[in-house]
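Written below as structure tokens is the structure these notes are about.
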Amino acid sequence: MNPPDRHREPVTPSDTATRPPEGLALPSDISAIGEQIRESLGQDRVGVALTLLREMLAADQGVFLARVRRAEQRSLVALLPTNELSDILDETPTDAAVAIVRELPAKRAAELLDDVDSHTVADILLELPESGAAAIVAGLHRPQDVVPLLQYPPDTAGGMMTLDFPRVRQYITAGNSLDALRLFGEDAEGFGWVCVLDDERRLVGAVSITQLALSSPARLAGELADRHGHRLVSVSPDTDREDAHGLMSRYSMGIIPVVDESRRVLGVIRAEEAMQIGEEEAEEDMLRIASAPGERVFGPLHLSNPAA
């Protein structure tokens with residue numbers, strides 16, 4: 001599924017520098033490390049530069065990489081293992097992640113994005129030229145985890161949802177449900193809850209992993225599911241993400257299912273994504289109050305002009 005109307009026109013950077021996203025800044029102490037990194041690169045001490053980069057948190061690493069000269073960015077990105085760079089992209093503001101990914105060959109970008117949350121990948125791809133995004137999607141190991149998200153704006157529940165989530169049928173026993181969770185892997189713990197579905201993938205309710213573990217192995221998941229309480233609250237994919245966050249906060253929900261018109265579950269929003277929504281909305285509110293659009297709350301302490 002291609003959403004050409006949502007892609008921006010290609011940006012052609014200069015030969016010597018990336019075009020840094022506006023409004024991205026670094027705290028003063030991290031900015032100082034950034035200057036040391038640039039000095040080390042200028043002296044061809046790339047090992048020292050990499051060591052200094054690793055002193056930053058992942059989100060700050062991403063902002064820094066987005067702001068340096070193209071040659072400096074290429075040097076550092078080439079040294080970073082795939083798993084480290086994937087972690088950086090996963091924690092980096094979208095604008096900064098886009099500034100990094102757009103400089104990479106499609107094959108390398110796909111390798112990195114394979115280990116990044118699917119909704120984050122979708123947000124990045126939607127900011128790239130359509131041809132570049134299509135080339136990256138073609139190289140993804142599981143494009144089916146990303147392509148459905150491209151039809152939804154990133155500020156909606158559909159754009160934030162996770163497609164791969166724990167779910168069981170209502171007539172499965174608690175014991176068999178736990179076996180299914182073991183096959184799902186360690187990621188199941190991050191959800192905390194399991195969606196209970198009927199044979200048409202419609203939402204029946206939700207049951208906590210703890211409740212499954214403490215129940216008789218013979219109990220049916222449908223019997224354990226909270227059918228009538230707030231655990232059955234769900235949202236449509238076009239629901240504003242702030243409204244989805246409000247529902248999760250109001251009802252202390254670990255997940256919120258995203259359903260279509262027939263209540264078939266398309267995906268879920270986890271507490272982790274909801275927390276991210278809350279943090280971003282709070283920062284936007286603070287920026288409006290401070291009347292400083294485009295700048296981070298900790299202040300406009302930018303690195304030196306990358307084009308200089």
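The values are calculated or read from the model by the stated rules, or taken from the named source; none is laboratory data. The model shown is predicted, which means the values in this text are computed figures rather than measured ones. All Cβ positions, glycine included, derive from the backbone under ideal geometry; neighbour counts span all protein chains shown.
Taking the stated definitions as given, is Glu261 of a type in the set (Asp, Glu), more than 19 Å from the chain's Cα centre (by Cα) and under 26 Å from Thr120 (Cα atoms)?
Here the answer is yes, as Glu261 does meet what is asked.
Against the numbered list (1) buried (at least 18 other Cβ atoms within 10 Å of the Cβ); (2) of a type in the set (Asp, Glu); (3) in a helix (DSSP H, G or I), Glu189 comes up short only at (1).
Reported count of residues in segment 204-263, each being under 25 Å from Asp179 (Cβ atoms) and among the acidic types (Asp, Glu), is 2.
Condition check ((1) outside any helix (DSSP H, G or I); (2) touching an Asp or Glu at 6+ places or on another chain (Cβ under 7 Å); (3) aromatic (Phe, Trp, Tyr); (4) not assigned by TED's automatic domain parsing to the domain that holds Leu232) across all residues:
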residue	(1), (2), (3), (4)
Gly158	no, yes, no, yes
Gly175	no, no, no, no
Asp179	no, no, no, no
Leu183	no, no, no, no
Val194	yes, no, no, no
Leu212	no, no, no, no
Pro217	yes, no, no, no
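Which count do you get for residues in segment 161-184 that are buried (at least 19 other Cβ atoms within 10 Å of the Cβ) and of a type in the set (D, E, K, R)? Selection size over segment 161-184: 1.
Looking across segment 79-93, just one residue is within 9 Å of Val116 (Cα to Cα) and either without any contact (Cβ under 8 Å) to a residue 12 or more places away in the chain or of a type in the set (Ser, Thr, Tyr) (or both), and that is Ser86. Ala71 - would you say it is assigned to a helix (DSSP H, G or I) and under 19 Å from the mean Cα position of the chain (by Cα)? No, not satisfied. Looking across Val194, Val121, one residue alone is surrounded by 17 or more Cβ atoms within 10 Å (Cβ to Cβ) and touching a Leu at 6+ places or on another chain (Cβ under 6 Å). It is Val121. All conditions but one from (1) buried (at least 22 other Cβ atoms within 10 Å of the Cβ); (2) at pLDDT below 90; (3) more than 26 Å from His119 (Cβ to Cβ) apply to Ala221; the one that does not is (2).
Only one of the numbered conditions (1) among the β-branched types (Val, Ile, Thr); (2) touching a Lys or Arg at 6+ places or on another chain (Cβ under 9 Å); (3) outside any strand (DSSP E or B) is violated by Ile269, and that is (3).
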